[in-house]
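**Q** Dropping the structure in here first, questions after.
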Amino acid sequence: MGGKSKSVIRLGMIMLLSFSFILAGCGGSDKTATSGDAKAGNEASGGSGEGKPEPFEITAFIGEAGQQPTPDNKIYKKIKDELGVTFKFEFLAGDLNQKLGVMIAGSDYPDIMTGNTKLTAAGAYIPLEDLIEEHAPNLKKHYEKYWNMMKDPNDGHIYILPNYGAYNGEVSSTWYSGPAFWIQKAVLEEAGYPKVKTLDEYFDLIAKYKEKHPNIDGKPTIGFEILNYDWKNWGLFNPPQHLIGHPNDGSVVVNDGKAEIFADKDYAKRYYQKLNEINAKGLIDKETFTQNFDQYLAKISSGTVLGMFDQHWNFQNAENALITQKKHERTYVGLPLVYDEGTRDYYLDRPALNLNNGFGISVNAKDPVKIIKLWDRLIQEDWQKILSWGIEGEDYIVNEKGRFMKTQEQRDKFTDATWKLANKADTLYSFSPKMQGFFSDGNATDGAAQPEEYQAGLEEYDKKFLKAYGFNSYVDFFSPAPENPIYYPAWSVDLVEGSEAKIVNTKQNDLSTKFLPKAILANPSDFDSVWTEYTNEIHKLNIKAYEDRINEVLQWRIENWSVK
Amino acid sequence: MGNQTITPGPVPAAATYKRSGKSRIEPTLFHTFNTVFMILLVVVTLYPFLNTIVVSFNAGNDTIRGGLYLWPRQFTLQNYKAVFASGTIYDAFLISVARTVLSTVLNIFLTTMLAYTLSRREYVFRKPITLIFVLTMYFNAGLIPGYFLMKDLHLINTFWVYVLPSMISAFNMIVIRTYIGTIPESLVESAKIDGAGEFKIFWRIIFPLCKPVLATIALFVAVGAWNSWFDAFLFTSSRQELSTLQYELMKLLSSSMNANSNPAVANGAGMTQDAAVSMVTPLSIRAAVTIVASVPILLVYPFMQKYFVVGLNVGSVKE
Amino acid sequence: MMEETLTKKPVVRKPKKGKRQPMTWSLIKNQRQLIWMSVPLLAYIILFSYVPIWGWTMAFQDYKPALDFADQKWVGFKHFKFLFLDDNFLRVLRNTLAMSVINLVLGFVTAIVLALLLNEIKKVFWKRTVQTISYLPHFLSWVIVTGIVATTLASDGIVNDVLMKLHLIKEPILWLSEGHYFWGVVGASHVWKEVGWNTIIYLAAMSSIDPALYEAAEIDGASRYKKMFHVTLPGIKPTIVILLIMSIGHILEAGFEVQYLLGNGLVVDWAETIDIFVLKYGIAQGNYSLATAGGIFKTVVSVTMLLIANWIAKRLGEERLL
């Protein structure tokens, strides 16, 4: 029994230890509380004059995951030194809906919050239009062309400052991250760099290549992959709208300002019947509907997948893995396929204003004027350069022609997440209003969009490949984007949580998830009956409620968004 | 029962049982089977953890190709560097240790005390109190009312919100009560005759006798407290200095997933070829995060284990 | 002789009947120490678990978090109707029950068998090693475990490899594309992840068995199996019964993570559980009312099942919960 006294001592130690932790914790909390109060007192005493920064802390709720910058982060330090502002970010990990529920119920809002329709609906943001008119001439100028679009369809106030999509000047891009039918470069290379326009041509190329090369690097060649896992469902759902020459409007096609769902239409049937046909020929991966996202990426990065419909950013990591294996011929080109030769492709679109994204000032904000003034300062070119490119001389160089360039070392640093935590203000930059396009000196606002930068980063294989087509970049495979319709895009319509429209939309997605794989894998003679069952089920839903809600908002946009 | 006739052989001394002559074959056969089974079990259950370790030490860009089993193809410490890059994780670790230790100590003491009172058959409130506790296992008032309660009690953004709401678990209480039920009642009765009060009986007699089950419950509570992140997510997320290890790791993981699949960013910002070529991928971060999160709590197990994994046979139990 | 020793229960207290005393002040006074030790804890649990139940009113409202309680719109049984009248409700209920029963049975049987077998290992070091390793998967998240399950069951995964090598199948089976396999896959995944963890509690229970019982059995020359069935198993029976009763109360808790992660369009008719349904149409739509209605439904079923299980245990003269 000698162990007993020992264990008592051990227990005591543990208790002591844990209490000391708690005491330490409490001590810390008291300190911050008082310093916060002190700040509040200070700020009340005076307005903000530039050059004489007063310390001011902004608390921010970021509605997505992110990492705290390091305490001595270079850019945030500069902001603190020159503008007197420090930030306290709260990032989200976990379910946004749950978090918003308790935030709204308790009215526990920080100074600013990233854009969210639920918060808008709950009255958590303050209207910004007067504030901007009065205190923020630069922001006003930045959003001039977009002013009406920023208004909330429900009450006409501006609550959120969009973070992306307010452009100045012509938009040119060298990188396409959106949806397309992707094909391995090797397939095109072997076929002698043909121009591929239609779906039939695409699958013919794949079929031929697969026949000739049943194995790639010792593994069976996979003709076509369709990913439908979790919320990543566009690989299965979205192609029909593009094949008839429409841009990405989510699950509707809009004609003359009128939206209708396309899942049950004949042009949708045509696509899935085609998939059924090529499946019968063994072109579709047998596991395509049971695989998870990791398995999908593994297949792509093994270099055996000839084609898929996807958005570029989604399989970016797999392509990177191919690049590190030096399998450049196994990376992909996006093709804007259509059904018929005569249809003009509309995959590449002009960036639309990113509604409901960005940030708004909460009703609890201590000093909205000071906050709006800060962003009015940050939208000016000098700060935009710092936020995007970094510090001149450290993070980028300016050549004799005045062009911004990066050395390879600087380029590498920009890909290093750890480095960025200490040297970039990515969190702030990503939700803030920003200049997009070009600065007044002609440099691109985004390092990656600087044409010299793009060319410098291009591989030999790609130079040769592009030369064969006579293109400058892979974006040239797409038809130039026409002017956006006023209401575009329909996918950004807020369906209103818990409304019939939203429920119908969820149910329709459930049906597609269940029936489309069945239809594609069915014996070709059974395809029609599965399709009929599918469309019958869809027609049992109150699709009209869904379409009506979209049309209501599109109509509102047409009436209110027109630039006067 | 007992309708099989067993010829009572010469009585073997307990210590020599292993060699007992009754049936030489049976134990050997049994042992062979048992050993093979255990080896299989070890292989099958060790594999997922081992594989996670392998992934955590393999370069993200390579892991994505799949086919990684028992040995890293491209060894790297990059994933761990990414996990430890943010300074917040060290403070969070201390908070996690503090909440785990405190929760465990309070839980063990309070839950056992309650279990003791409810094991006493003569106790007049035994039934109603038991029922009230048992029912708590089967309902959940929901997120928002729970949040309001914490708010009204001024627990939001305090350390105590990790400890106070979960000081007693009905499940654990029942498990302990069942265990106490197997302790001879005579012990309690004789103590009473000696004039010992209820608390003294509980603390001096019952509590020490419950060691094996308390070690188990301590493990349950500690693992639960260590692994929980939801309270940090709901109640303290605006106070960085109160964040726990699990929540920090979760943020790290979600942000790496986010960075790789953010249509909003892809929409407007234009992701660069450069920016996307990063060594770390969600898959490898997840593996590293899992190892970092679980190894500290796994180290607790062997200490608890000695109380309940004892050798079966006579000798070893008695010691 | 042996019969005698073996049937002697290892000091499990049997519920005694008719011992209930009437509640009197003198009794309460007599038991004041017990009261002091338990009633404050009762107050505690009422505060933390029962007070928030006012939130159940949400199930009968169109709850909007932004509004005060007085401003909420009352809608009666609307959300219950949405839940029960949905075309999929019965299917979802069937899936939930099936997977939960499978998990329950498999979980109990495997954990008890493993505990018994572990108990037979004589070398303490080896025993501890097996124990420690077998509980490792408990610490992996479902995302990781299902990831490994998916790879294992892939057409080029190890399961198909082995079956092909044994010539049991000619072509790889796509395990995750067949609804009939889904429940089994989920059950097996649960066993894999939790069996080691679940044995811990039984091992603890075994340590309370009086060694004298084994000695006596040995003197009687009882075989290994006899001891297992007549000493060890009865020794942990109270624990088994109590855990079983509590688990039966959780009959509608089949979870959602595994099903969500392993499910796909081809098996959705077998994979969707009540929890997934409620998540999809409740929380994910910002409809807290539906989520609450789902919770109330589950509680009603749980408590009913619990009471039935407890009553059966009582009738059988077994250890019981209440």
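**Q** Length gain on complete extension for the stretch B:Ile39 to B:Glu122, per 0.36 nm per residue less the alpha carbon to alpha carbon distance?
**A** Extra length from B:Ile39 to B:Glu122 when fully extended: 25.0 nm.
**Q** Would you pull out the residues with amide H under 5 Å of A:Glu90's amide H, same chain only if 5 or more places away, H placed 1.01 Å from N?
**A** A:Ala60, A:Phe61, A:Ile62
**Q** Tell me, what is the FRET efficiency for A:Lys212 and A:Ala280 to the nearest 0.05, using R0 = 22 angstrom and their Cβ-Cβ distance as r?
**A** 0.65
**Q** Considering only the range A:145-291, what is the antiparallel percent among its DSSP beta bridges, to the nearest 5?
**A** 90
**Q** Hey, what's the per residue convex hull volume over the C-alpha atoms of the protein assembly as shown, in cubic angstrom?
**A** Dividing the Cα hull volume of the protein assembly as shown by its residue count gives 199 Å³.
**Q** Applying 1/(1 + (r/R0)^6) with R0 = 51 Å to the Cβ-Cβ distance of A:Asn364 and C:Thr304, what FRET efficiency is obtained, to the nearest 0.05?
**A** E between A:Asn364 and C:Thr304, to the nearest 0.05, is 0.70.
**Q** With the other protein chains left in place, how much accessible area per residue, in square angstrom, belongs to the range A:100-140 at a 1.4 angstrom probe?
**A** Averaged over the residues of the range A:100-140, the accessible area is 32 Å².
**Q** Which whole-number percent of Cα pairs in the range B:78-317 have a distance greater than 21 Å?
**A** Here the tail beyond 21 Å accounts for 68 percent of pairs.
**Q** Turning to a different aspect of this structure: Find the percent of Cα-Cα distances in the range A:157-313 that exceed 18 Å, and round it to a whole number.
**A** 65
**Q** Could I have the simple spin-label model distance between C:Trp54 and A:Lys219, label points 7 Å from Cα toward Cβ, reported in nm to one decimal?
**A** If labels sit at C:Trp54 and A:Lys219, their model points lie 5.9 nm apart.
**Q** On to the next question. Relative to 2.2 N^0.38 Å, what does the C-alpha radius of gyration of the range A:492-560 come to as a ratio? Two decimals please.
**A** Compared with the compact-globule rule of thumb, the range A:492-560 sits at 1.39.
**Q** For the range B:194-244, what does the equivalent ellipsoid look like in terms of its semi-axes, each the square root of 5 times an eigenvalue of the Cα gyration tensor, given largest first in whole Å?
**A** 37, 14, 7
**Q** When you take every Cα atom in the range C:71-154, what is the radius of gyration, and what is Dmax, the widest Cα pair distance, in Å?
**A** Expressed in Å, the Cα Rg and Dmax of the range C:71-154 come to 21.4, 67.
**Q** Using 0.36 nm per residue, how much length does the chain from A:Ile126 to A:Lys258 gain when fully extended, once their Cα-Cα distance is taken away?
**A** Gain on extension, A:Ile126 to A:Lys258, equals 44.3 nm.
**Q** A further question follows. Looking at chain A, send over the antiparallel percent of its DSSP beta bridges, to the nearest 5.
**A** If I count the DSSP bridges inside chain A, around 60 percent turn out antiparallel.
**Q** Show me you know the interface measure: the accessible area buried between A and C, both chains summed, probe 1.4 Å, in Å² to the nearest 100.
**A** Buried area (both sides, nearest 100 Å²): 2300 Å².
**Q** Summed for both chains, how many Å² of accessible area, to the nearest 100, are buried between C and B with a 1.4 Å probe?
**A** Chains C and B together bury roughly 10000 Å² of accessible area.
**Q** Amide H to amide H under 5 Å from A:Asp310: which residues, 5+ apart in sequence or cross-chain, H placed 1.01 Å off N in plane?
**A** Those lying under 5 Å, H to H, from A:Asp310 are A:Ala180, A:Trp182.
**Q** Whats the longest run of chain A with zero GluC sites (Glu not before Pro) that are DSSP loop and have at most 13 other Cβ atoms within 10 Å?
**A** The segment A:171-340 is the longest one with no such site.
**Q** For peptide B:117-126, compute the average count of partner chain beta-carbon atoms within 10 Å of each residue's beta-carbon.
**A** Average neighbour count from other chains, rounded to a whole number: 6.
**Q** Using the Karplus curve 6.51 cos²θ - 1.76 cosθ + 1.60 with θ = phi - 60°, what ³J(HN,Hα) values do you get for each residue of the range A:379-384, in whole Hz, with x for Gly and Pro?
**A** Listing the rounded values in order: 7, 6, 4, 4, 6, 4 Hz.
**Q** Same structure again: If you average the alpha carbon positions of the range A:358-381 and of the range B:102-139, how far apart do those two centres end up, in angstrom?
**A** Taking the Cα centre of the range B:102-139 as reference, the centre of the range A:358-381 is 53 Å away.
**Q** Calculate the spin-label point distance for A:Asp340 paired with C:Asp71, positioning each point 7 Å from the Cα along the beta-carbon direction, and give it in nanometres.
**A** In this crude label model, C:Asp71 to A:Asp340 measures out at 5.5 nm.
**Q** Just the ratio, please: alpha-carbon radius of gyration of chain A over 2.2 N^0.38 Å, N its number of residues.
**A** 1.11
**Q** Using a loss threshold of 20 Å², tell me which positions in the range B:47-64 are less accessible in the complex than in their chain alone. Probe radius 1.4 Å, ligands and nucleic acids ignored.
**A** With the partner chains in place, the range B:47-64 has these residues losing at least 20 Å²: B:Tyr47, B:Pro48, B:Phe49, B:Thr52, B:Asn61, B:Ile64.
**Q** Between helix A:500-521 and chain A, what is the angle of the helix's C-alpha long axis to the longest principal axis, kept within 0 to 90° and rounded to the nearest 10?
**A** Between helix and principal axis, roughly 40 degrees.
**Q** Oh, and also: Find the eigenvalues of the gyration tensor of the Cα atoms of chain C, then list the square roots of 5 times those eigenvalues as equivalent ellipsoid semi-axes, largest first, in whole angstrom.
**A** 39, 36, 16
**Q** Going through the DSSP H helices of chain C, which span 20 Å or more along their own axis at the Cα atoms while scoring at least -0.5 as a mean Kyte-Doolittle hydropathy?
**A** In chain C, the long hydrophobic H runs are C:89-120, C:179-206, C:233-248, C:288-315.
**Q** Spelling out what I want: for every residue of the range A:532-543, take phi, set θ = phi - 60°, compute 6.51 cos²θ - 1.76 cosθ + 1.60 (Karplus), and round to whole Hz; glycine and proline get x.
**A** Result, ordered by residue: 4, 4, 4, 5, 4, 4, 4, 5, 6, 7, 7, 4 Hz.
**Q** Now, a different point. Given points 7 Å out from each Cα along the Cα-Cβ axis, report the B:Gln74 to C:Glu171 separation in nanometres with one decimal.
**A** 3.6
**Q** Quick check: the angle from helix A:74-83's long axis to the longest principal axis of chain A, C-alpha only, nearest 10 degrees?
**A** For A:74-83 against chain A, the angle is about 50 degrees.
**Q** Long-range amide H contacts for C:Ile121: which residues qualify at under 5 Å (H placed 1.01 Å from N, peptide plane, sequence gap of 5 or more or a different chain)?
**A** none
**Q** By how many degrees, 0 to 90 and rounded to 10, does the Cα axis of helix A:3-45 deviate from the longest principal axis of chain A?
**A** Between the helix axis and the principal axis of chain A, the angle is about 80 degrees.
**Q** Rg/Rh for the range A:414-485: what does it come to with C-alpha atoms and Rh from Kirkwood?
**A** Reported Rg/Rh, Kirkwood definition of Rh: 1.05.
**Q** Trypsin sites (Lys or Arg not before Pro) within the range C:17-110: which are DSSP loop residues with at most 16 other Cβ atoms inside 10 Å?
**A** Sites meeting the loop and neighbour criteria: C:Lys17, C:Lys19, C:Arg20.
**Q** Using alpha-carbon pairs under 8 Å, 6+ residues apart, how would you state the relative contact order of the range B:78-317 in percent?
**A** It comes to 33 percent, rounded to a whole number.
**Q** For the range B:230-260 and the range C:194-229, write down the distance between their C-alpha centroids in whole Å.
**A** 44
**Q** Summarise the partner chain shielding of C:279-285 as one whole number: the mean count of Cβ atoms from other chains within 10 Å of each residue's Cβ.
**A** Average neighbour count from other chains, rounded to a whole number: 5.
**Q** Per residue of the range B:248-254, what does 6.51 cos²θ - 1.76 cosθ + 1.60 with θ = phi - 60° give for ³J(HN,Hα)? Whole Hz please, x for Gly and Pro, Karplus curve as stated.
**A** Residue by residue, the range B:248-254 yields 4, 5, 5, 4, 4, 5, 5 Hz.
**Q** Share of antiparallel DSSP beta bridges in the protein assembly as shown, in percent to the nearest 5?
**A** Antiparallel bridges make up about 60 percent of those DSSP assigns within the protein assembly as shown.
**Q** So if R0 is 25 Å, what FRET efficiency would A:Arg403 and A:Ala481 give, r being the distance between their Cβ atoms, rounded to the nearest 0.05?
**A** About 0.45, to the nearest 0.05.
The values are calculated or read from the model by the stated rules, or taken from the named source; none is laboratory data. The model shown is predicted, which means the values in this text are computed figures rather than measured ones. A quick note on method: Cβ atoms are made from the backbone with ideal geometry, for glycine too, and the neighbour counts reach across all protein chains shown. We work out accessible area using only protein heavy atoms, side chains counted, and drop any ligands, DNA or RNA first. Shrake-Rupley method; radii C 1.70, N 1.55, O 1.52, S 1.80 Å.
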